[in-house]
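Below is one structure, written out as structure tokens; comments come after it.
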Amino acid sequence: MLNQELLSDFMNSFLGYGDLSADTWFIGMEEGGGNSLEDVQMRIGTWDKRGRRALEDCAEYHHAIGKGHLFTPPVRAAQKTWDWLIRAQLISEGKPFDISASKMMQCERWLRSDSKTCGLELLPLPSPNVNV
């Protein structure tokens, strides 16, 4: 069972990942995940243990929830949802935007604190797909 106070705090405080000083913000519906109640509890519990930040460092948070492979070199595959966003960011910076550059950015600075990249979520809870 989810702690209702913690759930409410998360839903009213967590905005997403990265750096609010970024020139461009990517705003999505919600983050992926939440395939089970246990997964949602673990994600919210991790947010709580890490200090209840409005914006998390995406790589550090994903390492904490056991999804660090998305940021550990060498990144074998670009994360599908992020890939086109990363490429748009690279284009805006005047940098190469091929798959290699996308994976490098995902690994090194995508949605990190002080990275000049920002990803915010309109809805506060993770969802496995748009129908849930």
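The values are calculated or read from the model by the stated rules, or taken from the named source; none is laboratory data. It should be emphasised that the depicted structure is a prediction, and the values quoted were computed from it without experimental measurement. No Cβ is skipped: glycine too gets one built from the backbone with ideal geometry, and neighbour counts run over all protein chains shown.
Of the residues that make up region 93-100, is at least one surrounded by 12 or more Cβ atoms within 10 Å (Cβ to Cβ), modelled with pLDDT of 95 or more and within 18 Å of Gly33 (Cβ to Cβ)?
Looking through region 93-100, none of the residues is surrounded by 12 or more Cβ atoms within 10 Å (Cβ to Cβ), modelled with pLDDT of 95 or more and within 18 Å of Gly33 (Cβ to Cβ).
Yes or no: Gln106 touching a strand residue (DSSP E or B) at 6+ places or on another chain (Cβ under 9 Å), farther than 30 Å from Leu2 by Cβ and buried (at least 17 other Cβ atoms within 10 Å of the Cβ)?
The answer is no for Gln106.
Would you please name the residue that is farthest from the chain's Cα centre (by Cα), looking only at residues in region 67-82 that are over 22 Å from Asp39 (Cα atoms) and buried (at least 18 other Cβ atoms within 10 Å of the Cβ)?
Only one residue tops the list, namely Val75.
For the structure I just gave you, tell me whether Leu120 is in contact with a Cys (Cβ under 7 Å, 6 or more places away or on another chain), within 28 Å of Met11 (Cβ to Cβ) and at pLDDT 95 or above.
no
Conditions (1) touching a helix residue (DSSP H, G or I) at 6+ places or on another chain (Cβ under 8 Å); (2) of a type in the set (A, V, I, L, M); (3) within 15 Å of Leu125 (Cβ to Cβ), marked per residue:
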| position | (1), (2), (3) |
| --- | --- |
| Gln4 | no, no, yes |
| Met11 | no, yes, yes |
| Leu15 | no, yes, yes |
| Ser21 | no, no, no |
| Arg52 | yes, no, no |
| Leu85 | no, yes, no |
| Glu93 | no, no, no |
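What do you reckon, is Ser127 under 21 Å from Asn3 (Cα atoms), surrounded by 12 or more Cβ atoms within 10 Å (Cβ to Cβ) and over 12 Å from the mean Cα position of the chain (by Cα)?
Yes: the conditions hold for Ser127.
Check whether at least one residue in region 21-36 is free of Cβ contacts under 8 Å to residues at least 40 places away in the same chain and not in a strand (DSSP E or B), and report yes or no.
Within region 21-36, one or more residues are free of Cβ contacts under 8 Å to residues at least 40 places away in the same chain and not in a strand (DSSP E or B).
Could you check region 81-132 and list, in sequence order, the residues that are part of a helix (DSSP H, G or I), in contact (Cβ under 8 Å) with a residue 24 or more places away in the chain and among the β-branched types (Val, Ile, Thr)?
Within region 81-132, Thr81, Ile86 meet the criteria.
Quick check on this structure: which one of Ala59, Ala54, Ala64 is buried (at least 16 other Cβ atoms within 10 Å of the Cβ), closer than 15 Å to Gly18 by Cα and of a type outside the set (Asp, Glu)?
Ala59
Quick check on region 55-72. Is at least one of its residues farther than 30 Å from Asn3 by Cβ and either part of a loop (DSSP other than H, G, I, E, B) or not aliphatic (A, V, I, L, M) (or both)?
Yes, region 55-72 contains at least one residue that is farther than 30 Å from Asn3 by Cβ and either part of a loop (DSSP other than H, G, I, E, B) or not aliphatic (A, V, I, L, M) (or both).
Of all residues being in contact (Cβ under 8 Å) with a residue 24 or more places away in the chain and of a type in the set (Gly, Ala, Ser) in region 67-80, which is nearest to Ala22 (Cα to Cα)? Just the residue, please.
Ranking the qualifying residues of region 67-80, first place goes to Ala78.
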